[in-house]
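A quick write-up on the structure given underneath.
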Amino acid sequence: MDLNSRLFDRIRVKPRRRADQQPAPTTAAACEFPGCKNEGVFRAPKGRDREGEYFCFCMDHVREYNATYDYFRGMDDESLAKFRKDETIGHRPTWRMGARARAGGAHVDETVYAEARSMRRRGARRAPGTVDEPRYNALALKALFVLDLDAKATGAGIKARYKELVKRHHPDANGGDRSSEDKLREIIQAYNYLRVNKLV
């Protein structure tokens, strides 16, 4: 590469301004408020359905305009509710997912659909009257371990074990012995986790 090439200099370096060459003065537009002769330096949005368009006002008039500006002026309750709903997804288009959505199928209740999917995953065919064993995530299994239970524990079994352990470790129940307060705190936290996550 020829570092002395004049093309290389033009690409990489801004051309130097001569000492006698001054930057062109920038002239601000006049304030767009009727009857105002000040410079319109400050921009103010023109409103809904005119995004990207601005008025140019002076400081006093832009303050006055901003004090009364209402983006939602003129919207009825239905339009406002639709706007708020679309705001949750950033006003981007969305589509239903899955084969039925592509084929234009009817809307299916999501809980029914999720239950059918999980049954398919587990094998789905069971004799009538059989009860599913509960399934727990890693945090729930850890909480069960604190309660001296395994993954086969049911809601009633968890409650019974919790009551038994609280009676055993509570200072009021064991003659004022405070040595097992940390264990009691762990038991209560584990049970609260299971209860909040509706596993009890």
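Bear in mind that the values in this text are calculations on the coordinates, not laboratory data. The model shown is predicted, which means the values in this text are computed figures rather than measured ones.
Structure notes:
- Semi-axis lengths, Å, the range 138-196, gyration tensor of Cα atoms, sqrt of 5 times eigenvalues: 21, 11, 8
- Compactness index (Cα Rg / 2.2 N^0.38 Å), the range 29-93: 1.41
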